[in-house]
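Coordinate-derived values only; no laboratory data. Treat the numbers as computed from the prediction; the structure is a model and nothing was measured. With ideal geometry, Cβ positions are generated from the backbone for all residues, glycine too; neighbour counts draw on all protein chains shown.
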């Protein structure tokens, strides 16, 4: 295995261009898609990595049939951050402030749709588009079933606060509104935790050019044969100096 040293200057330029150009349909046409490219089309990869009877290029399945995905209203950003500040300074969130946020959220169409899901009859595991608020100290780790638990969990989570900070910075950079997705995945009450297996320190992601997983310091198309095991593998690193 050879070591491929990627100059950090190239990575920095690529990262800057990625923020400015969001077109991944032809990744090699834009500097912003040189590294860490995800979600290629089948036609891009198949000429160099042909399909066989027992090998097909397919996008990983996305079983989101029973899930609910919506955007958190951008006008709620300041209110949610205020609740987070109250939690940080006092260790609690007042019921009146909590109710004000819930009423503002449920006054929107998306909020009304979400309220119907959080009626106490169904249980959901929630996450933001970047990570879950599983570190909440006001709502136990696990499923929720009410709108109040949703807001409390988001506003007492350092992980969620970090997501909002990143979203705010991205919005400020382009002069737009804060956008953040909320995902509700159904909780299976029949699942036996005693039969649940977990792997720590290892994250197993889907493989392949058509997946949503980036190729880090490689490119699924230009480095295709090496990534698919058809050529000798390289180990890529980048150095700042």
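So how tilted is helix 8-20 from the main axis of the chain? Cα-based, degrees 0 to 90, rounded to 10.
Between the helix axis and the principal axis of the chain, the angle is about 50 degrees.
Return, ordered by residue number, the residues of region 147-165 whose backbone nitrogen is under 17 Å from a label point located 7 Å along Cα→Cβ of residue 121.
In region 147-165, the label zone of residue 121 (backbone N under 17 Å from the point 7 Å along Cα→Cβ) covers 147.
Quick one: 102, 174, 72, fewest Cβ neighbours within 10 Å first, how do they rank? Write down the numbers at each step before the final one.
Values: 102 18, 174 9, 72 23.
In increasing order of surrounding Cβ atoms, one gets 174, 102, 72.
Based on the Kirkwood radius over alpha-carbon pairs, what is the Stokes-Einstein translational diffusion coefficient of the chain at 4 °C with 1.567 mPa s viscosity, in µm²/s?
Numbers: Rh = 21.0 Å.
Answer from the Stokes-Einstein relation: 62 µm²/s.
Compute the long axis of helix 77-90 from its Cα atoms, compare it with the longest principal axis of the Cα atoms of the chain, and write down the angle in degrees, 0 to 90, nearest 10.
The angle comes out near 70 degrees.
What ranking do 103, 115 get, fewest neighbouring Cβ atoms within 10 angstrom at the top? List each step's numbers first, then the result.
On the way: 103 11, 115 15.
Final ranking by Cβ density, sparse to dense: 103, 115.
Please arrange 213, 155 by how many other C-beta atoms lie within 10 Å of their C-beta, fewest to most.
213, 155
Sorted from largest down, what three extents in whole angstroms do the Cα atoms of region 68-195 have along their principal axes?
Taking max minus min along each principal axis of the Cα atoms, region 68-195 gives 47, 31, 28 Å.
Rounded, prolate or oblate: which one fits region 104-175, using the alpha carbon gyration tensor with axes a ≥ b ≥ c (rounded when a/c is under 1.5, else prolate when a/b beats b/c, else oblate)? Show your work: numbers first, answer last.
Details: a/c = 2.51, a/b = 1.33, b/c = 1.88.
Since a/c reaches 1.5 but b/c is at least a/b, the shape of region 104-175 is classed as oblate.
With springs only between Cα atoms under 10 Å apart, run a GNM on the chain and tell me which of 177, 36, 54 wobbles the most.
With Cα springs under 10 Å in the chain, the top fluctuation among 177, 36, 54 is at 54.
When the Cα centres of region 162-185 and region 122-141 are compared, how far apart do they sit, in Å?
Cα centroid to Cα centroid, the span is 17 Å.
Can you tell me the orientation of helix 95-106 relative to the chain, as the angle in degrees between its alpha-carbon axis and the longest Cα principal axis, to the nearest 10?
60
So if R0 is 30 Å, what FRET efficiency would residue 140 and residue 171 give, r being the distance between their Cβ atoms, rounded to the nearest 0.05?
Details: r = 31 Å, r/R0 = 1.05.
FRET efficiency, residue 140 to residue 171: 0.45.
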